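Peer 1: Here you go, one structure.
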Amino acid sequence: PEAHELEAKNFPELKNDLILRAARREDVERVPVWVMRQAGRYLPEYNAIGEGLDFFDKCRTPALACAITLQPLVRFPIDAAIIFSDILVILQALGMHCDMVKGKGPTFPQPITCREDIDALNADVDVHESLGYVFKAITLTRHRLGGHVPLIGFAGAPWTLFAYAIEGSGSKTFSKAKSWLYKDPEASHRLLSMITDVTVRYLVAQVRAGAQLLQVFDSWAGSLSPRHFREFAAPYLVRIASAVKAELGTDAVPMICFAKGAHWAFSLLESSDYDVLSLDWTMDPQEAQRATKSRMAFQGNMDPCAMYGSDDTIREEVCRVMSLFGTRGHIANMGHGMSPDMEPRAVAAFVDAVHNFSSRQRVY
Ligand code: 1CP
């Protein structure tokens, strides 16, 4: 990188702000589209880059993280880039060690097992010191994007990170993480609150580094009962959006909340400072619109498994899903991310179908 590409100023002028306008429910010429996990193992060029480097080493090398972020944009006419990183870097910053184990995914060899483990975490971590590589990658990528499309920054939601910290990996039942909520709600709140505070500092710094839109991933929200979501997930999600906007200004950056599986959460999030709710494929867009009194924009929500279908099947599914949203305040995406065994041509078909569908509609 050249020296000026590492400075978070004099960024190229943005040429395509469709996704920012859609997030604010403003007029758009067509519905913007991007794809969760658009950079990743389904792309041969992702598997070929940075050979010999571990996943987190790739994240920690800004030039590589930037190159990976740009890979899907070379192939597909999508309307946003998302910075290549991972939600788990916050737990690393708090002092937890994480390995990316082939065939198993991210693994914490020493998960949180008692109150003392929580007290030992580095709650006062300086995010610039431990996560400076993310901000560098964001700044560099924002320059290299040349204003082509906006750059999305992201973080994991407190409940989802809490679940990884206690389970030590992904889980089907999240029984260890959930047992904390029943056995020691006080300590659970302490850990959730700690993760929230660091996440707010992290997201604010991402925006200062150049991120233009933020998404908070609560990938495991659906493992909670409605009561527990209300007590242990929603308040922290809400706090993140309000604290980020209090720090940066209400209009500084639109924010997307993806509470996967949390069907009953629409009305809880409706009064929050999020601009966009991201819906998984089991959610009904019209029900979500009713529950939020049409104040919010929506993202989603094609079933990712439709990507296994033919181009024609994908096209039909895109038309079916998009007609449920209407065109104002919609960001086309899937209900979750790409999987390693999906084909790149499916993304091409998906993006093309979104373009075709929305160019046939009156958008204003
Ligand atoms: O071996 C490899 O190369 C690792 C594969 C990989 C990739 C490409 C992981 C490990 N993370 C990522 C990138 C990533 N992760 C991005 C940026 C890329 C993009 O979107 O284009 C983002 C936004 C994430 C976010 C993330 N990581 C989430 C939330 C989104 C979601 O999918 O729900 C979660 C839950 C994670 C944890 C994680 N990291 C990696 C994997 C394989 C997983 C999931 C493991 C599990 O299911 O428990």
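Only the coordinates and a few stated rules stand behind these numbers; no lab work does. Quantities reported herein were computed from a predicted structural model and do not represent experimental measurements. Neighbour counts run over all protein chains shown; Cβ positions are idealised from the backbone, glycine included.
Peer 1: Most exposed first by the Cβ proxy, i.e. fewest other Cβ within 10 Å, how do Cys59, Cys257, Cys114 rank?
Peer 2: Cys114, Cys59, Cys257
Peer 1: Rg and Dmax of the range 3-297, Cα atoms, in Å?
Peer 2: Cα radius of gyration and Dmax of the range 3-297 are 18.5, 54 Å respectively.
Peer 1: Hey, another quick one. For Arg345 and Ser271, calculate 0.36 nm times their separation in residues minus their Cα-Cα distance, and state this gained length in nm to one decimal.
Peer 2: Working: separation 74, 0.36 × 74 = 26.64 nm, distance 3.89 nm.
Taking 0.36 nm per residue and subtracting the Cα distance, the gain is 22.7 nm.
Peer 1: DSSP beta bridges in the range 3-297, what fraction antiparallel, as a percent rounded to 5?
Peer 2: Around 15 percent antiparallel, to the nearest 5.
Peer 1: Using a Förster radius of 25 Å, what is the FRET efficiency between Asp27 and Arg320 based on their Cβ-Cβ separation? Nearest 0.05, please.
Peer 2: 0.55
Peer 1: On to the next question. Arrange Val28, Val134, Val238 by Cβ neighbour counts within 10 Å, fewest through most, would you?
Peer 2: Ordered by Cβ neighbours within 10 Å, fewest first: Val238, Val28, Val134.
Peer 1: Now for a separate question. Which whole-Hz couplings ³J(HN,Hα) result when phi for each residue of the range 293-307 is put into the Karplus expression 6.51 cos²θ - 1.76 cosθ + 1.60, θ = phi - 60°, listed in order with x for Gly and Pro?
Peer 2: Rounded to whole hertz, the list is 6, 6, 6, 9, 8, 10, 10, x, 9, 5, 4, x, 5, 4, 5.
Peer 1: Mind scanning Lys15/Lys260; Lys102/Lys260; Lys260/Lys293; Lys58/Lys176; Lys102/Lys183; Lys104/Lys172 and naming the pairs with a C-alpha gap bigger than 22 Å?
Peer 2: Among Lys15/Lys260; Lys102/Lys260; Lys260/Lys293; Lys58/Lys176; Lys102/Lys183; Lys104/Lys172, the Cα-Cα distance tops 22 Å for Lys15/Lys260; Lys102/Lys260; Lys58/Lys176; Lys102/Lys183.
Peer 1: From the phi angles alone, apply the Karplus equation (6.51, -1.76, 1.60; θ = phi - 60°) to the range 347-356 and give each ³J(HN,Hα) in whole Hz, x where the residue is Gly or Pro.
Peer 2: Karplus-based 3J(HN,Hα) across the range 347-356 equals 5, 4, 5, 4, 5, 4, 5, 4, 4, 4 Hz.
Peer 1: Right, another one. Roughly speaking, what is the centre-to-centre gap between the range 250-325 and the range 12-59 when only Cα atoms are used, to the nearest Å?
Peer 2: 18 Å
Peer 1: Tell me which aspartates and glutamates have Cα within less than 13 Å of Lys245's Cα, excluding those fewer than 8 residues away on the same chain?
Peer 2: Asp273, Asp275
Peer 1: Report the label-to-label distance for Ser169 and Ala3 in nanometres (one decimal), using points 7 Å from each Cα along the Cα→Cβ vector.
Peer 2: The two pseudo-label positions are separated by 4.8 nm.
Peer 1: Once every Cα of the range 294-364 carries one equal point scatterer and solvent is ignored, give the base-10 log of I(q)/I(0) from the Debye formula at q = 0.19, 0.27 Å⁻¹, two decimals.
Peer 2: -0.71, -1.29
Peer 1: Shifting gears a bit: Under the 0.36 nm per residue contour assumption, what length would be gained going from the current alpha-carbon distance of Asp284 and Trp264 to full extension?
Peer 2: 6.1 nm
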